[in-house]
1. Would you mind calculating the gained length between R114 and D250 on full extension (0.36 nm times residue separation, minus the Cα-Cα distance), in nm to one decimal?
2. When the solvent-accessible surface of protein heavy atoms is calculated with a 1.4 angstrom probe, in what order do K252, K119, K50, K490 fall, highest first?
3. Could you order H72, H338 by accessible surface area, starting with the largest, using a probe radius of 1.4 Å?
4. Relative to the present Cα-Cα distance, how much length would full extension add between V145 and D88 at 0.36 nm per residue of separation?
5. Go ahead and collect, in residue order, the members of the stretch 201-241 whose backbone nitrogen is under 16 Å from a label point 7 Å along the Cα-Cβ direction of A426.
6. Can you list the HN-Hα couplings for the stretch 452-466, worked out from phi with the Karplus curve (6.51, -1.76, 1.60; θ = phi - 60°), rounded to whole Hz and with x for Gly and Pro?
7. Give the accessible area for T271 in Å² (nearest 10); use a 1.4 Å probe, count only protein heavy atoms, and leave out ligands, DNA and RNA.
8. Round to the nearest 0.05 the FRET efficiency obtained for D288 and S195 when R0 = 30 Å and r is the Cβ-Cβ distance.
Amino acid sequence: MRRVVVLLSMLLAGALVLTGCVDIPDSSSPQPIQAFDRKRPTNIVPSPKKGDDPETVARNFVKSMSDPTAGHRAARKFLTPDASQRWDDQGDMTVIRDVGVIIDERTSDAVRLRITGEKTGALTPAGTLRPTSGSEVIALSLERVDGEWKVSGDVPAGSITDASQFLTAYRQADLFYPDRTLTRLIADPRWFFGSEPDGSVLVNRLLAGPTPQLEGAVGEGAARGVALSGPVTVVGDTVTVPLGNVADTDQKDRTVLAAQIVWTLDYAGITGTYRITADGAPLVQGRDEGWRPADVSSFEPEPVKRAADPVHLVRDGGLARLTGNRAVPVDGPLGSSHDLESAAISADLTRSAAVANRGGRRTLLVGPYGGDPAEVASGATITTPSFAPDAATGYTVIDGRPVRWVAADGGLPGSVEPIDASEVTAAAPGPITDMQISPDGVRVALVVGGKVLLAVVSVNDRGVPSLTGVYPLAPDIGGPGVAVAWSSTKTMYIAVSGDDTPVWTASIVGTQPGELVSGNLKPPVVDIAASPTTVYVADNRGVQQIGTGQTRPDQYWTAVGPDAGPGTRPVIPGS
């Protein structure tokens with residue numbers, strides 16, 4: 001099972017620029033967090049010291065703003081009383097790296113300076129980090145008060161902190177919400193101040209609801225109006241979660257709520273037997289002894305996948321499966337075709353989809369894996385398709401318009417419906433050249449006019465889908481995006497045009513994208529696919545692979561095999 005420690009280790013190993021921070025406002029939780037006497041971390045932020053020069057005071061002021069508790073009490077110690085009273089600390093927190101201090105004017109008792117840096121992220125009050133880019137410049141005035149330098153000028157609204165401070169002060173954790181079918185859990189990554197996860201804070205934030213971007217894509221179950229009636233406590237192996245105001249009596253809905261709590265705490269490292277009560281009684285009848293993760297295993301957000309996903313190839317216009325290091329055509333028409341440009345295979349290996357080029361016009365073919373596909377749609381352009389986790393639903397972009405298909409009774413494709421992409425157009429004008437659904441079926445990664453965006457598949461009350469909550473996922477990658485591939489519900493890889501850094505990794509947690517080694521690739525990289533442990537790209541030599549294991553990732557790319565030469569495209573089931 002994944003742990004926050006594992007995630008942070010990955011971030012640290014990747015690059016120190018992977019940064020973020022967050023304040024979880026107490027007022028938005030059903031029960032005030034302070035009532036639970038949360039243990040606050042100590043010595044995470046600096047305090048003013050006599051003898052500090054103005055540059056040191058300015059740098060430490062930036063670091064101290066990472067502590068949101070008590071209205072940024074730690075940061076206000078660096079301000080004069082008047083400056084503290086004028087400072088509006090509400091709103092987003094900006095994370096910057098390469099912090100510099102430039103002195104503009106200086107006397108014996110007054111200093112004017114500028115704090116400079118490069119923006120890496122913006123943290124919303126709800127705890128969601130979004131990657132950003134660009135320069136940040138903040139002008140400050142300092143004056144000597146009783147022999148100590150204090151910030152006296154107007155401090156801009158909001159707050160900032162530096163990237164390295166984040167690695168000390170914040171922890172990332174996932175809150176889990178059910179999808180609209182109430183059958184699987186969706187991660188809602190948040191950032192929390194403190195050195196250790198706090199069960200009460202996590203459950204409070206969970207019960208406060210998902211971020212606005214997810215509201216149209218997730219369900220509520222029994223969580224409506226529920227609040228903690230006391231602190232989450234850990235005694236030995238028992239984690240007690242007392243809930244109040246649980247109005248929904250449906251046992252299935254209550255089981256979904258239990259799964260949300262169990263997996264949220266388990267992924268945060270708060271493990272044991274979870275005793276969840278509703279107004280003093282067990283949340284679900286018959287669960288007096290509590291819950292273990294195995295009791296809600298069907299809801300596990302990222303269950304263990306196959307040890308090795310079978311690599312497939314689009315080769316010489318047909319779909320083949322790599323067996324050993326040889327490409328063997330799959331059964332059926334797709335294996336014997338000579339006009340395929342791209343393909344997708346469902347995670348359970350039951351369905352396949354492909355795009356065929358027939359006289360310059362593209363045709364979308366969908367059907368059972370190894371069986372006869374049906375022609376679903378056609379257009380001048382069709383992007384590489386991808387499957388939702390249920391295998392009956394798939395997504396692609398036809399002539400610049402996102403669509404999804406849904407299988408009818410008997411497994412044959414039934415309907416093809418358009419997806420409203422007006423928010424995508426507003427965020428990044430240009431053609432949509434790639435769109436890949438995440439393994440949980442809720443988010444999509446898109447390449448639009450060379451920009452990489454993330455969006456959520458929302459469905460309104462009439463069942464009409466749309467792409468909402470759109471934002472740039474990787475504003476600082478080293479070139480225009482070409483293709484994207486999900487390796488898990490939270491991590492994806494991006495192929496970009498250019499010779500220097502053709503492959504990048506990005507995450508929905510909001511950290512900055514990172515580069516993959518590329519010394520022995522032969523750009524351009526024209527396609528990409530990924531499993532949880534391996535990334536595959538198509539370059540000038542053919543399909544190359546690199547292991548991305550957290551312990552000892554590969555340091556160079558290797559060829560997949562002799563049958564994966566130039567012009568071959570990689571296909572990974574469920575990717």
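1. On the way: separation 136, 0.36 × 136 = 48.96 nm, distance 5.83 nm.
The R114-D250 span can extend by a further 43.1 nm.
2. Greatest to least solvent exposure: K50, K252, K119, K490.
3. On the way: H72 5, H338 155 Å².
Final ranking, largest accessible area leading: H338, H72.
4. Details: separation 57, 0.36 × 57 = 20.52 nm, distance 2.21 nm.
Extending this stretch completely gives an extra 18.3 nm.
5. 212-216
6. 3J(HN,Hα) across the stretch 452-466, in whole Hz: 9, 10, 10, 9, 10, 7, 9, 10, 7, 5, 8, x, 8, x, 8.
7. Solvent-accessible area, nearest 10 Å²: 60 Å².
8. Details: r = 34 Å, r/R0 = 1.14.
So, using R0 = 30 Å, E works out to roughly 0.30.
The values are calculated or read from the model by the stated rules, or taken from the named source; none is laboratory data. Note that the coordinates shown come from a computational prediction; the quantities given were computed from them, not determined experimentally. Here Cβ is always computed from backbone atoms with ideal geometry, including for glycine, and neighbour counts include all displayed protein chains. Just the protein is used for accessible areas: all its heavy atoms, side chains included, with ligands, DNA and RNA removed. Shrake-Rupley method; radii C 1.70, N 1.55, O 1.52, S 1.80 Å.
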